[in-house]
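Single-structure report; data block below.
The values are calculated or read from the model by the stated rules, or taken from the named source; none is laboratory data. Remember, predicted model here, so these are calculated numbers, not experimental data. Positions of Cβ are generated from backbone atoms using ideal geometry, with glycine treated the same way; all protein chains shown enter the neighbour counts. Please note that ligands, DNA and RNA were not included when accessible areas were found on the heavy atoms of the full protein model with its side chains. Shrake-Rupley method; radii C 1.70, N 1.55, O 1.52, S 1.80 Å.
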Amino acid sequence: MSKNKPSQACGPSQDSNVNEFCTLYCDVDSPPILCNRVVRLRVLSLAWCRLQGVPHEMDKLIHLRWLDLSQNKLSTEDLKFIFQLYFLQTLKLSGCSLEEIPNEIGNLSHLRHLNLSINRLEELPSEIGNLKQLRHLDLHHNWHLKELPSEIGKLSFLQTIIFPDEATIQATIQIPEALGQLTGLQKLMGFKCGSGWSKMGLLKNLNQLGFVSLHIRLDGMDLKGIVEDSREANFSNKKYIEGLKLVFEDEMGEEGSSRMDRYSLLSLTFLRNILGDESPIIGRLRSTMFSSSIRNLEEYSSLDFMILIRNLLPIRREME
């Protein structure tokens with residue numbers, strides 16, 4: 001039997017050599033049966049197994065490094081049990097109907113990749129700051145997420161953070177100023193800024209960013225303030241940006257306007273008109289995406305809006 005084949009590792013037909021397995025993938029057609037003979041497992045996938053809780057035999061998997069429990073229904077008690085697997089480096093809990101993360105997550109000091117996407121989280125515990133080795137944090141489609149703890153600033157190795165995306169544009173997430181301490185961050189997705197939201201100035205020192213997605217809320221009464229905030233973000237020093245997505249929203253945050261065809265102005269052609277054909281940004285970015293739900297774009301077709309666009313593009317960077 002192949003060591004990578006989805007299997008009931010402790011089924012009656014297995015021989016004594018099964019304890020040498022390092023990788024085990026299960027699914028709904030091969031539900032997990034765990035026992036003493038899989039104690040050396042390093043990789044375990046139980047995604048889409050329709051579990052109503054985790055198998056208690058998992059406490060034997062002390063060598064586990066990679067665990068995927070996505071798309072199963074898990075409770076807080078299940079999570080406390082999982083958080084005793086102290087040597088985990090990757091943990092995927094996407095789509096597990098989670099409403100809270102217990103403080104015990106701080107036990108996973110070796111964790112590098114944490115996927116909490118597609119859940120119902122409202123907040124994260126301060127103990128997440130104990131995950132000093134964390135590189136990747138995925139929070140997208142947590143539509144009720146209200147705030148992040150300031151302890152997120154302790155994650156000095158963090159390279160990627162994905163916030164709830166534009167589908168939740170009405171939600172407001174309180175982003176702590178400690179985000180600005182994550183100077184190794186390379187990918188920032190779903191960052192909401194502008195009127196009533198987080199300040200773009202938090203990104204001032206994040207000069208390693210390579211891929212950025214900003215959701216910018218515009219208010220015609222405060223456009224000058226937003227422009228000044230965009231200047232504080234200091235995008236001219238972000239030399240590694242290769243992908244940039246800007247989503248502009250008005251104060252109503254409405255989507256699906258019948259006037260969406262006019263928002264094609266916010267395109268690379270539009271940028272050429274603003275910046276000129278010789279701008280380094282035109283030849284440097286691998287991907288650039290603009291969209292808008294602004295109902296009256298004419299209101300923002302002003303010098304201030306042009307300056308806002310300029311501030312968000314690293315136009316002074318020399319081409320390689």
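Things to note:
- Which numbered condition Q89 fails, given (1) open to solvent by less than 10 Å² (accessible area, probe 1.4 Å); (2) under 30 Å from Y240 (Cα atoms): (1)
- In the stretch 145-186, the residues that are buried (at least 18 other Cβ atoms within 10 Å of the Cβ) and at pLDDT below 90: P164, D165, T168, I169, I173
- Inter-residue pairs, beta-carbon under 6 Å, first at negative phi and of a type in the set (S, T, Y) and in the stretch 140-168, second part of a helix (DSSP H, G or I) and modelled with pLDDT of 90 or more, 6+ apart: S150/A178
- Output for the stretch 202-225, where each listed residue is among the small types (G, A, S), closer than 30 Å to S156 by Cβ and not in a loop (DSSP other than H, G, I, E, B): S213
- Condition check for N142: farther than 28 Å from K224 by Cβ and not small (G, A, S): yes
- Picking from residues in the stretch 239-252 that are more than 20 Å from the chain's Cα centre (by Cα) and either open to solvent by less than 10 Å² (accessible area, probe 1.4 Å) or of a type in the set (D, E) (or both), the one that is modelled with the lowest pLDDT is E251.
- Strands (runs of 3 or more DSSP E) fully within the stretch 83-198 that include at least 2 residues being over 30 Å from K239 (Cβ atoms): 90-92.
- Residue selected from the stretch 92-117 under the condition open to solvent by 10 Å² or more (accessible area, probe 1.4 Å) and in contact with a strand residue (DSSP E or B) (Cβ under 8 Å, 6 or more places away or on another chain), by the criterion farthest from H140 (Cα to Cα): R112
- When we screen S97, S75, S70 for residues that are within 24 Å of the chain's Cα centre (by Cα) and in contact (Cβ under 8 Å) with a residue 40 or more places away in the chain, the only hit is S70.
- Qualifying residue in the stretch 75-82 (condition: at pLDDT below 95, open to solvent by less than 60 Å² (accessible area, probe 1.4 Å) and among the aromatic types (F, W, Y)): yes
- Check on I62, at pLDDT 95 or above and either open to solvent by less than 10 Å² (accessible area, probe 1.4 Å) or not basic (K, R) (or both): no
- Selection of the stretch 118-134 for residues being open to solvent by 50 Å² or more (accessible area, probe 1.4 Å) and in contact with a strand residue (DSSP E or B) (Cβ under 7 Å, 6 or more places away or on another chain) yields only E123.
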